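Participant: Below is the structure I would like to discuss, written out as structure tokens.
The values are calculated or read from the model by the stated rules, or taken from the named source; none is laboratory data. Everything numeric here is computed off the predicted structure, so don't read it as measured data. Cβ: placed from backbone, ideal geometry, glycine included. Neighbour counts: every protein chain shown.
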Amino acid sequence: MDIRLDDIGNRFPAQWGGDQLARAKTVFFQALALEAHRFYGGKIQVLPRAPLPGFQWFNAWYTPGVSSISTGIRDDPGESFDLSWRGNVVAVVSDSTRVLGDGDVSPPGGLGVMEGKAFLMKMLGGVDAVPLCMDSRNAAGKNDPEVIIDFVRRLAPSFGAVNLEDISQPNCFRALDALREDCAIPVWHDDAQGTGCVTLAGLINALKVAGKELAACRIVFNGAGASNTTIARLILLAGADPARMAMFDSRGGLHRGRADIEADPRFYRKWEICQATNPDRLNDVAGALRGADVLISLSKPGPGVIRPEWVRGMAPNAIVFACANPVPEIYPHAAKEAGALVVATGRGDFPNQVNNSLGFPGILKGALLVRAKKITDAMAIAAAQTIAGFAERRGLSPECIMPRMTDEAVFSETAAEVARQAVAEGVARRRLSPGTVLEKARKDIAEAHQALEMLMASGLIPPPPEAMIQRCLDAAIAAIGT
């Protein structure tokens, strides 16, 4: 049995296709995740990066020698980035109130995703990361962004950057906007900024495949959460026409007539979209999609959320991004059958994965290497253009508009471009050339892979049991077969 799972699509009944095969893979990977996490006890650990040639080295790594490290950092706080792991470590902070498509899963319920984030940062960016799931409830029992803000401010001295993750709207915007300005290190909200970055990258290339210009496109956004509102902001900054854009939440279209949004100051990001877009005050997604060029949907898991007839009514060479997790709002085969030219999802088992995992490892690596004070929108757009350009060099087609997570070079190239933009904007503490950043990122990513390969080869990390994989496969076949 191939434990790499490269042939997973061929392990199901040959007559299965379309919805059956897509559903079977979803059930399989969810079952496998549960068994594999239990087998390994999670997926990250802490290992030393310094040697221990003999007992006396404890006196250097700890007391009495380490006193010189404490006083050195006291006298020059910037030394903390060189004398500790701070220069290459990220805190992944979540209150677990908006995890994937599952919503509020309780503070510890987010650990699987935050560990996954840390795993990806190490393997794709050569960055160390610590998952921190915290309880954001205040004395009244309400999830409070001020609790998150205070938590991050207090832990910031131990980290080089902070990745906010899976925090519900509007708390996520309040936390990001406060911390982004108040902390002396980058604070990045990956659900918003990261998803916005990679979606813009995918859209740049999808438009090239479709032969369309961004400024001339009619774009419909289904869902008005943290991801889509930030995607819309970045697409506007990239040159889209706000008069040709319309966004929809569960109550209808976002426009100047949405008094419910205007009246609630917590939703100021949504109100910005209301003021800038949808001048015709469209209130129906299906109607707005008639003749539209692009649909970007990050709403609730499907399938069936986006209907084939809606796609059928879009303009020729339509572009559909159905990026809900864990199941897209419409399966790619259904959108294609309805006439879409380019279809993207957030999943790696379909073509055109538009997922923030393609962005944040390189973005954070670049920011860390130049010790950026923040990650600006311009840095995110620069990353999007780099990701898009990488895919274009390989050759674009309706089935290939994005790099894959196995394209290691895209992450070091993204790091170099983000660092260059940080230096250009004056938010970098140290000025490194893009070439220096590129080589350092490549080296750190390669060493992360080498370390994991050594642990696997030695048996310290054992291979996943074939019997476990077979059980999950059997369970998926039984579930779909019934």
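Participant: Is there a residue in region 335-346 that is part of a helix (DSSP H, G or I) and either charged (D, E, K, R) or closer than 20 Å to ARG404 by Cβ (or both)?
Facilitator: Yes; the residues of region 335-346 include at least one that is part of a helix (DSSP H, G or I) and either charged (D, E, K, R) or closer than 20 Å to ARG404 by Cβ (or both).
Participant: Residues of region 429-474 being closer than 25 Å to ASN10 by Cα and surrounded by 12 or more Cβ atoms within 10 Å (Cβ to Cβ), which ones?
Facilitator: Result: PRO464, PRO465, MET468, ILE469, GLN470, ARG471, CYS472, LEU473, ASP474.
Participant: Can I ask one more? Where in region 158-243 are the strands (runs of 3 or more DSSP E), entirely inside, with at least 1 residues that are in contact (Cβ under 8 Å) with a residue 60 or more places away in the chain and within 20 Å of ALA276 (Cβ to Cβ)?
Facilitator: 219-222
Participant: If you don't mind, there's one more thing I want to ask. Would you be able to tell me the number of residues in region 99-110 that are surrounded by fewer than 19 Cβ atoms within 10 Å (Cβ to Cβ) and part of a helix (DSSP H, G or I)?
Facilitator: 3
Participant: Also: Considering region 253-269 alone, what residues qualify as being among the small types (Gly, Ala, Ser) and surrounded by fewer than 21 Cβ atoms within 10 Å (Cβ to Cβ)?
Facilitator: Pass one, region 253-269, residues among the small types (Gly, Ala, Ser): 253, 257, 259, 263.
Within region 253-269, GLY257, ALA259, ALA263 qualify.
Participant: Something else: Taking interchain pairs and intrachain pairs at least six residues apart, which have beta carbon atoms under 7 angstrom, with the first residue in region 447-466 and more than 19 Å from ASP128 (Cβ to Cβ) and the second at pLDDT 95 or above and not hydrophobic (A, V, I, L, M, F, W, C)?
Facilitator: Close Cβ pairs (under 7 Å, with a partner that is at pLDDT 95 or above and not hydrophobic (A, V, I, L, M, F, W, C)) do not exist here.
Participant: Among ILE273, ILE306, ILE261, ILE296, which is the only one that is at pLDDT 95 or above, assigned to a loop (DSSP other than H, G, I, E, B), assigned by TED's automatic domain parsing to the domain that holds GLY239 and of a type in the set (A, V, I, L, M, F, W, C)?
Facilitator: Criteria check complete, one pass: ILE306.
Participant: Out of region 403-423, which residues are of a type in the set (Lys, Arg) and not in a helix (DSSP H, G or I)?
Facilitator: ARG404
Participant: Regarding region 371-385, can at least one residue be identified that is among the basic types (Lys, Arg), under 19 Å from ASN163 (Cβ atoms) and in a helix (DSSP H, G or I)?
Facilitator: So far as region 371-385 goes, no, none of its residues is among the basic types (Lys, Arg), under 19 Å from ASN163 (Cβ atoms) and in a helix (DSSP H, G or I).
Participant: Can you tell me which of (1) at pLDDT below 95; (2) assigned to a strand (DSSP E or B) is the one VAL90 doesn't meet?
Facilitator: (1)
Participant: Okay, moving on. ASN317 fails exactly one of the following numbered conditions: (1) surrounded by 24 or more Cβ atoms within 10 Å (Cβ to Cβ); (2) in a loop (DSSP other than H, G, I, E, B); (3) in contact with a helix residue (DSSP H, G or I) (Cβ under 8 Å, 6 or more places away or on another chain). What is the number of that condition?
Facilitator: ASN317 satisfies every listed condition except (1).
Participant: I'd like the residue in region 272-299 that is crowded, with 19+ Cβ neighbours inside 10 Å and not aliphatic (A, V, I, L, M) and, out of all such residues, is nearest to LYS212 (Cα to Cα).
Facilitator: The residue in question is ASP293.
Participant: Could you say which residue among ALA210, ALA161, ALA175 is farther than 30 Å from ARG74 by Cα and crowded, with 20+ Cβ neighbours inside 10 Å?
Facilitator: Answer to the check: ALA210.
Participant: Have a look at SER96, SER67, SER84 and point out the one that is loosely packed, with under 11 Cβ neighbours inside 10 Å, within 27 Å of CYS183 (Cα to Cα) and not acidic (Asp, Glu).
Facilitator: SER67
Participant: Name the residue, out of GLY160, GLY223, that is at positive phi and small (Gly, Ala, Ser).
Facilitator: Matching residue, one of GLY160, GLY223: GLY223.
Participant: Please find, among LEU396, LEU358, the residue that is outside the structural domain of GLY211 (by TED's automatic domain parsing) and surrounded by 24 or more Cβ atoms within 10 Å (Cβ to Cβ).
Facilitator: It is LEU358.
Participant: Just give me the residues in region 401-441 being touching a Ser or Thr at 6+ places or on another chain (Cβ under 8 Å), touching a residue at least 60 places away in the same chain (Cβ under 8 Å) and under 30 Å from LEU341 (Cβ atoms), in sequence order.
Facilitator: Once the filter is applied, which keeps residues that are touching a Ser or Thr at 6+ places or on another chain (Cβ under 8 Å), touching a residue at least 60 places away in the same chain (Cβ under 8 Å) and under 30 Å from LEU341 (Cβ atoms), region 401-441 yields only MET405.
Participant: Here is a follow-up. Of all residues in region 83-102, count the ones that are free of Cβ contacts under 8 Å to residues at least 60 places away in the same chain and over 30 Å from THR71 (Cβ atoms).
Facilitator: 1
Participant: Just for region 240-252: of the residues that are under 26 Å from the mean Cα position of the chain (by Cα) and of a type outside the set (A, V, I, L, M), which one is surrounded by the most Cβ atoms within 10 Å (Cβ to Cβ)?
Facilitator: My answer is PHE248.
Participant: Of all residues in region 32-79, how many are in a loop (DSSP other than H, G, I, E, B) and farther than 30 Å from PRO465 by Cβ?
Facilitator: Our first condition is that a residue be in a loop (DSSP other than H, G, I, E, B); within region 32-79, this holds for 41-54, 62-66, 76.
If we keep only those that are farther than 30 Å from PRO465 by Cβ as well, we get 49-54, 62-66, 76.
Matching residues across region 32-79 total 12.
Participant: Let me ask something else. Tell me, which residue of region 220-239 that is within 26 Å of SER397 (Cα to Cα) and out of contact with any Ser or Thr (no Cβ under 9 Å at 6 or more places or on another chain) is surrounded by the fewest Cβ atoms within 10 Å (Cβ to Cβ)?
Facilitator: GLY239
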